[in-house]
Amino acid sequence: MAASACAGCLSGGFLNLGSSRGPQWSSADVDFGVGVGGATLGGGIRFRRSRLQEFVVLKVCANGQNLPQNVDLPAVLPKKKKKPFLTPLKQQKKNRRPPPAGDGTARAPANGMLVQRLVPVAHTVIRAKGICERGVARLVENIPVKTCRFCTEVHIGPVGHNLGTCRGPGSNSRKGLHDWLKGSADDIMVPVEAYHLEDRLGQPISHDKRFDVDRISAVEELCIQAGVDDPRYPTVRYSAPVIPKFRKKVEDASRSGDAQDISYRIKENNPKKFAHPLDDTGWTEVSMQEINSEVGEDVETSIEIKDDEDMDSEALACESNSAFGEELLEICAEDDLESVAEKTLTAWEIMRQGSRRLMTKYRVVACGYCPEVHVGPKGHRARNCGAFKHQWRDGKHGWQDAALDELIPSQYVWHLRDKNGPSLEAALKRFYGKAPALVELCVQAGAAIPEKYKPLMRLDIAIPTMEEVELVV
């Protein structure tokens with residue numbers, strides 16, 4: 001249960017969530033938490049239910065919006081433990097239940113077909129990725145980026161911070177201090193690669209064939225499986241829905257036994273129909289009218305199989321016409337640094353939002369022990385995991401549903417309010433906030449701070465001086 005109230009309403013009393021008749025005002029079961037770790041929200045207020053023993057975050061009004069005052073910093077997961085499951089095990093068992101008897105068909109993309117309403121989203125995501133890469137490469141030339149020699153810590157600013165957060169080799173002798181070097185664009189947008197699947201319904205990649213398969217960007221592989229055709233990486237497109245288990249063509253969706261051989265339902269992509277390149281990497285983009293005209297009648301008949309029964313025709317039309325609310329603009333050579341930062345930040349949000357929508361239909365799995373990511377119905381079988389206790393698993397990956405930050409890492413860095421001011425000190429660490437590296441880079445270049453990142457940056461907390469830190473209550 002979530003509670004929200006204006007900060008001015010707190011002067012008249014306290015909100016009691018323990019009554020079954022709804023919220024009431026009283027002074028019982030209230031805990032003012034000022035810590036920044038654990039279950040306490042830094043600078044906020046938490047309410048304790050006497051029966052359920054749960055904490056409910058009180059949200060305050062900020063600029064007319066119902067946003068949290070500040071949030072906890074992202075937790076650093078231990079390397080000697082497996083990552084928590086994104087989906088509970090009980091829900092995973094429920095999702096693995098077989099379909100009802102007599103129903104041999106599946107919805108797209110499990111039946112080999114593309115989800116047509118996500119095809120323009122895939123083209124938008126791959127275009128936004130190219131804009132982000134070009135924008136970050138240009139911003140890094142003007143904004144100093146520092147990276148640690150011994151760990152993955154990144155700092156954006158003229159001078160590296162003095163926070164003792166290094167956990168690399170020899171960190172004890174250096175008291176956790178970092179050894180800063182000049183960073184690059186890969187430190188801002190961390191590259192995540194995955195195996196390219198020519199047939200996403202084919203056999204998983206074995207350990208012996210791991211060097212025979214190309215490895216490309218995981219976001220690019222997700223967009224290719226969602227409908228983007230790249231001449232450099234051929235893929236198989238299905239002209240009719242199939243039964244995934246037997247890989248047979250279904251002639252009649254109401255008759256699961258009426259199927260033909262595999263040779264009747266595969267066609268290779270034809271790169272010649274894509275004439276206009278998307279960017280300098282060889283990507284291509286077409287409109288929905290061109291896609292519908294090129295696909296033919298076979299796919300049009302297969303679209304009758306519903307994949308989203310909860311969405312009406314009007315909502316699908318709105319998503320096809322305008323996939324995202326913000327406009328995606330190309331970066332020109334005449335743009336100043338602030339304009340490049342604004343366009344890069346917009347492309348970053350569009351890429352993450354579009355990837356999240358693609359992941360709802362096209363499965364992405366990640367290893368629970370290492371950063372390996374795979375795009376496909378099931379993970380590959382290459383035994384190249386070198387994380388904690390990989391000898392017990394013979395190098396096999398522990399596949400589980402991937403989070404968005406595993407596909408597109410945010411790479412959180414400490415937020416620097418004044419890039420010309422003093423460096424960050426360890427004694428004032430609890431007053432500092434964080435932000436994704438790309439967001440921090442664009443903000444220092446002159447872009448406006450998005451509202452969703454302001455609570456994480458802790459902009460409402462006044463940072464004391466070194467002489468005042470002992471007087472802070």
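Observations, loosely collected:
- Considering the stretch 223-259, the residues that are among the charged types (D, E, K, R) and modelled with pLDDT of 70 or more include one that is farthest from Tyr362 (Cα to Cα), namely Arg232.
- Check on Ile126, over 23 Å from Phe431 (Cβ atoms), surrounded by 19 or more Cβ atoms within 10 Å (Cβ to Cβ) and not assigned by TED's automatic domain parsing to the domain that holds Phe211: no
- Screening the candidates Pro158, Pro191, Pro144, Pro109 for the property of being more than 28 Å from Ala333 (Cβ to Cβ) and of a type outside the set (S, T, N, Q) yields one hit, Pro109.
- Residue list for the stretch 45-78, filter: of a type in the set (D, E, K, R) and at pLDDT 85 or above: Asp72
- Test result for Arg107, within 26 Å of the chain's Cα centre (by Cα), surrounded by fewer than 16 Cβ atoms within 10 Å (Cβ to Cβ) and touching a residue at least 60 places away in the same chain (Cβ under 8 Å): yes
- Residues of the stretch 377-409 that are free of Cβ contacts under 8 Å to residues at least 60 places away in the same chain and under 30 Å from Asn162 (Cβ atoms): Asp405 alone.
- Comparison of Pro191, Pro169, Pro158 shows that the only residue that is assigned to a loop (DSSP other than H, G, I, E, B), under 22 Å from Glu133 (Cβ atoms) and out of contact with any Leu (no Cβ under 9 Å at 6 or more places or on another chain) is Pro191.
- Residues that are touching a residue at least 40 places away in the same chain (Cβ under 8 Å) and out of contact with any strand residue (DSSP E or B) (no Cβ under 6 Å at 6 or more places or on another chain) within the stretch 160-194 comprise Asn162, Leu163, Gly164, Ser184, Ala185, Ile188, Met189, Val190, listed in sequence order.
- Within the stretch 195-224, restricting attention to residues that are basic (Lys, Arg) and in contact (Cβ under 8 Å) with a residue 60 or more places away in the chain, the residue that is surrounded by the fewest Cβ atoms within 10 Å (Cβ to Cβ) is Arg210.
- Among residues of the stretch 103-146 being in a loop (DSSP other than H, G, I, E, B) and of a type in the set (A, V, I, L, M), the one that is farthest from Ala341 (Cα to Cα) is Ala106.
- Flag if Pro371 is within 22 Å of Thr235 (Cβ to Cβ) and in a loop (DSSP other than H, G, I, E, B): no
- Here Lys209 qualifies as under 30 Å from Ala110 (Cα atoms) and in a loop (DSSP other than H, G, I, E, B).
The values are calculated or read from the model by the stated rules, or taken from the named source; none is laboratory data. Since the model is a prediction, treat every value here as computed from it, not as a measurement. Ideal geometry is used to build each Cβ from the backbone, glycine not excepted, and the neighbour counts take in all protein chains shown.
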